[in-house]
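The values are calculated or read from the model by the stated rules, or taken from the named source; none is laboratory data. Source: prediction; values computed, not measured. Virtual Cβ from ideal backbone geometry, glycine too; neighbours counted across all protein chains shown.
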Amino acid sequence: MNEHPLVSVVIPCYNSAQSLPELIAGIDRVLSPRGSYEIVCVNDCSRDETMAVLEQLSTQYPTLKVIDLVFNVGQFKALLCAMEYSQGETVVTIDDDLQHSPDDIPLLLNTLDTRPDIDVVIGAYTSKQHQLYRNLGTRLVAWVDRHIFQKPTGLQSTSFRAIRRVVADALTAHKTQFPVMGPLILNVTRRVCNVEVGHHKRKYGKSGYRLSKLIGTTFDNVLNFSSLPLKFISILGSVFSVVGLCIALFFVCKYLIVGIPLPGWTSLMVMLNFYSGLILLGIGIIGEYLIRILKESKGSPRYCIRKTLNLPK
């Protein structure tokens, strides 16, 4: 009798036609001895032959379930889509680029099995095989998570995780249009730990995470899960209001006591541009929040499915 509960390995796929056969074969080799697993791949509107490869692999591996999306939604929404259609008591998230080794999946699962006090096990890299800007961007995101979301010191966030079903269901219950997995997980549970895993060089293609996207993800982290920018602007506005009032009182007193010669344009323009810039900064941040509120209130679908393979009707 199989003593292991069903494990779901969920994979968001984008332009990964070359790496998928090796990845799926590796997962099958590692998890077949457990006897109870499924793989859920979401094709995020890839521009290469990813869907054709997945169709071929679905005939070779009955445990492989495929979801083809109508339009590109990004990694996090595609990941949540795969979670929603998974059925396992444990959900493993892994990237499609072979930088995470399927051989490390049992390490995550065994840690979760032996730690009933833990809800999420995250693979922590001994050394990263990313480009310099990726590593710097990751450090920036980690700094934001630590100072805004109170992420435990030393906890490393990666996309290679094993998650209990109750947490996976809580993650998919968040219907935000701007999901980011790291803050979402910390919002659901603090029972998270790391286990060391390897990180390999990318074999095929180039990463879709460019510097601008990493900055955008950090921006989403801050705006979607924190009111800190609004608080910052509020405090900064209050401080400079007091400073402006003090400066005004100073010049009034000086005028009444000793008089003031013809004021220069330089000081006037510096103060005018400084305060105007501060006001525009505040309006811009408030505008970003309003844009997100508008998109959330529209109720647009996070994804739209074109077709599925091997999923129950």
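Checking each residue in the stretch 18-44 for being part of a loop (DSSP other than H, G, I, E, B) and either outside the structural domain of residue 88 (by TED's automatic domain parsing) or surrounded by fewer than 20 Cβ atoms within 10 Å (Cβ to Cβ) (or both) picks out 18, 35, 36. Pairing each residue of the stretch 12-33 that is of a type in the set (Lys, Arg) with any residue that is buried (at least 24 other Cβ atoms within 10 Å of the Cβ), provided the two are 6+ apart or on different chains, yields no C-beta distance under 9 Å.
A quick yes/no check of all residues on (1) under 30 Å from residue 18 (Cβ atoms); (2) at pLDDT below 65; (3) not assigned by TED's automatic domain parsing to the domain that holds residue 96:
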{"position": "149", "(1), (2), (3)": "no, yes, no"}
{"position": "171", "(1), (2), (3)": "yes, no, no"}
{"position": "176", "(1), (2), (3)": "no, no, no"}
{"position": "191", "(1), (2), (3)": "no, no, no"}
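Could you check, for the stretch 59-75, whether at least one of its residues is in contact with a strand residue (DSSP E or B) (Cβ under 7 Å, 6 or more places away or on another chain), surrounded by 18 or more Cβ atoms within 10 Å (Cβ to Cβ) and in a helix (DSSP H, G or I)? Among the residues of the stretch 59-75, at least one is in contact with a strand residue (DSSP E or B) (Cβ under 7 Å, 6 or more places away or on another chain), surrounded by 18 or more Cβ atoms within 10 Å (Cβ to Cβ) and in a helix (DSSP H, G or I), which makes the answer yes. Within the stretch 98-115, identify whether any single residue is at pLDDT 60 or above, exposed (fewer than 13 other Cβ atoms within 10 Å of the Cβ), in the same structural domain as residue 34 (by TED's automatic domain parsing) and more than 23 Å from residue 10 (Cβ to Cβ), and answer yes or no. No, every residue in the stretch 98-115 fails to be at pLDDT 60 or above, exposed (fewer than 13 other Cβ atoms within 10 Å of the Cβ), in the same structural domain as residue 34 (by TED's automatic domain parsing) and more than 23 Å from residue 10 (Cβ to Cβ).
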